[in-house]
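Contents: one structure, followed by commentary.
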Amino acid sequence: MTGVGVPGGPEVSPGGPDAPGPAPSPGRNGTAPRRRGRPPRTESAGTRDRILDAAREEFSERGYDKTSVRGIAKSAGVDSALVHHYFGTKEQVFEAAVEVAFAPALEGRQAVLDAPLEEVGERMTRMILGLWENPVTRAPLLAIIRSAVNNETAAGVFRRLVAGQLLRRIAGQLDLPDAELRAELAAAQLVGIAMIRYVMKVEPLASADPEQIIGRVAPVVQGHLTGR
């Protein structure tokens with residue numbers, strides 16, 4: 001077959017360098033084959049979330065010491081290398097799980113910070129108790145508390161997040177010389193109630209009406225924060 005001539009110029013072959021290459025062969029179901037390389041961002045986000053969900057379940061059921069990266073990977077249906085890729089060490093996986101569990105508290109802290117000083121105790125009590133009353137946020141909180149009670153590494157992660165991102169912000173609103181101690185005493189009051197009501201399930205506190213608890217506890221929390 002002869003080339004296509006251009007008047008006054010050379011002939012150009014149909015198979016020359018400027019000709020388009022062959023179309024890619026369709027994959028199954030007539031779709032184009034996927035390119036190799038990094039997975040799409042949505043797929044990566046889904047994998048990361050699946051690993052976090054599996055980690056919370058493992059930490060909740062086994063505790064920090066008995067949970068392994070391999071076990072988390074198996075529960076998530078991925079290779080251990082992916083867990084290391086997204087999070088690094090087991091401690092970093094735990095820290096990420098804590099951050100996700102406490103995200104609602106960190107988002108809700110602004111309502112506490114914006115409250116008039118005389119209402120901070122009630123706002124703080126209502127926010128924390130609300131997190132424990134919600135089954136969606138209660139499960140990861142239980143996993144974190146159980147792990148933190150039994151393991152110093154887990155407890156350190158818990159302290160860094162709670163003290164650094166929540167209590168110090170509340171203490172900063174008090175403008176008192178012992179503000180951090182006051183904030184920690186208030187938090188201790190609420191963590192103690194959470195342990196007895198949701199972890200140990202001691203009656204009658206375990207089945208008491210939440211509003212009744214708030215009514216009795218909020219003034220005590222307020223006293224820790226602003227009392228003389």
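Every number in this text was worked out from the coordinates using simple rules, so none of it is lab data. Everything numeric in this text was worked out from a predicted model, so none of it was measured. Counting neighbours? That spans all protein chains shown, and the Cβs are built from the backbone with ideal geometry, glycine included.
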Using only alpha carbon pairs under 8 Å that are at least six residues apart, calculate the relative contact order of the range 90-226 and give it in whole percent.
33
In whole Å and largest first, what semi-axes does the C-alpha gyration tensor of the range 90-226 yield when each eigenvalue is scaled by 5 and square-rooted?
22, 19, 13
Quick one: what Rg and Dmax do you get for the range 127-176 from the alpha carbons, in Å?
12.8, 36
If one computes the Cα centroid of the range 56-77 and of the range 161-223, what distance in Å separates the two points?
29
Sticking with the crude label model, points 7 Å out along Cα→Cβ, report the distance from residue 201 to residue 65 in nm, one decimal please.
2.4
Add +1 for every Lys or Arg and -1 for every Asp or Glu among the other residues with Cβ under 11 Å from the Cβ of residue 116, and state the total.
-3
